[in-house]
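Here's the structure, in C-alpha cells; my notes come after.
The numbers here are math on the coordinates, done by the rules we state, and not lab data. Small disclaimer: the values here were computed from a predicted structure and weren't measured. When we count neighbours, we look across all protein chains shown, and the Cβ atoms used for this are built from the backbone with ideal geometry, even at glycine.
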Amino acid sequence: MNSVILRVGTRFLVGLLLIFSIHMLLRGHNEPGGGFIGGLIGAIGFILYAIACGTEDARAALRTAPERIAMAGLGVALLAGVLAAFFGDPLFTGQWYFIGDQKSGDYIPISTVLVFDIGVYLVVFGSILSLVFALEEAI
C-alpha cells in the first residue's frame, strides 16, 4: 500500500500497541489480560506495519525472526514450569520471590506465573507474526 498517511500513522501506532500489550501482559495475573492477549496486541502492531510498509520492512523493524521469538517463549514458559521442581513442588506450581523489605510492606513480588505469562506472550507474538508474514509473502 502506498499511502503516506497510513505509513506515518502506523509508526506511531506500533509503539502505542507495544506499550499497551506490555501493560496487558503485566496486569494479567490479577485482572483481565495476560500473555495471550498481550502477545496478540503486540503482533497486531507489527501486522499493521507489514500492511502499511511491506513484510520486508516489518521483518527489519522486528530485528529477529519471529520463529526465534516463539522458540524463546517456549523455553521461558518451560523454565517457569520446571523451576518449581527445584523447590520440591509439583510442575508449574507458582513460586514467589520478594524484592525489598517484607516486614515493612515495601516490596515487589515476582512470581513464576509472571515468567510463564512472558513465555506465553513471546510464543503468541512470534507464532502469529510468523504465520502472517508467511501468508503475506505468499500473496
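Remark: spin-label model distance Glu136-Phe36 equals 2.5 nm, labels positioned 7 Å along the Cα→Cβ axis. How many angstrom lie between the Cα centre of the range 91-139 and the Cα centre of the range 74-90? When both Cα centres are located, 13 Å separates them.
Can you tell me the orientation of helix 4-27 relative to the chain, as the angle in degrees between its alpha-carbon axis and the longest Cα principal axis, to the nearest 10? Once rounded, one gets 10 degrees. Only Cα pairs under 8 Å and 6+ residues apart enter the sum, and on that basis the relative contact order of the range 4-138 stands at 29 percent. Taking Cα atoms only, the orientation of helix 66-82 departs from the longest principal axis of the chain by about 10 degrees. Which one, (i) 0.96; (ii) 1.01; (iii) 1.09, gives Rg/Rh (Cα atoms, Kirkwood Rh) as derived from the coordinates shown? Here the calculated entry is (iii).
Taking Cα atoms only, the orientation of helix 112-138 departs from the longest principal axis of the chain by about 20 degrees.
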